[in-house]
Amino acid sequence: MARPATGKTPNRNVRVPDALWEAAKERAASEGRTVTDVIVSALHRYVSAPRAERDGQPPAS
C-alpha cells in the first residue's frame, strides 16, 4: 500500500484500558520509544507469526 501524500500514516482509534495504556507509556518512555512504535512493532509480529501461534495453538509438527 502506498504512503499517503503527506508522508504521515493515518490516525487510528483503539480502546485500551487506562491501566494498560499508562503502563505501556511508562515502559515505552523508559526504553526511549513511543507507544505508537510499540504498537506498530507488536502488530508487525502479530501479522508475521503463523496463524497457530497467533491463536495460542501449538505449531503443527
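Segment V16..Y46, full-extension length gain: 9.1 nm, with 0.36 nm per residue of separation and the alpha-carbon distance subtracted.
Full extension of the chain between T9 and K25 gives 3.7 nm of extra length, using 0.36 nm per residue less the Cα-Cα distance.
Since every read-out is calculated from the coordinates, none of them should be taken as a lab result. Note that the structure is predicted; figures quoted are calculated from it, not measured.
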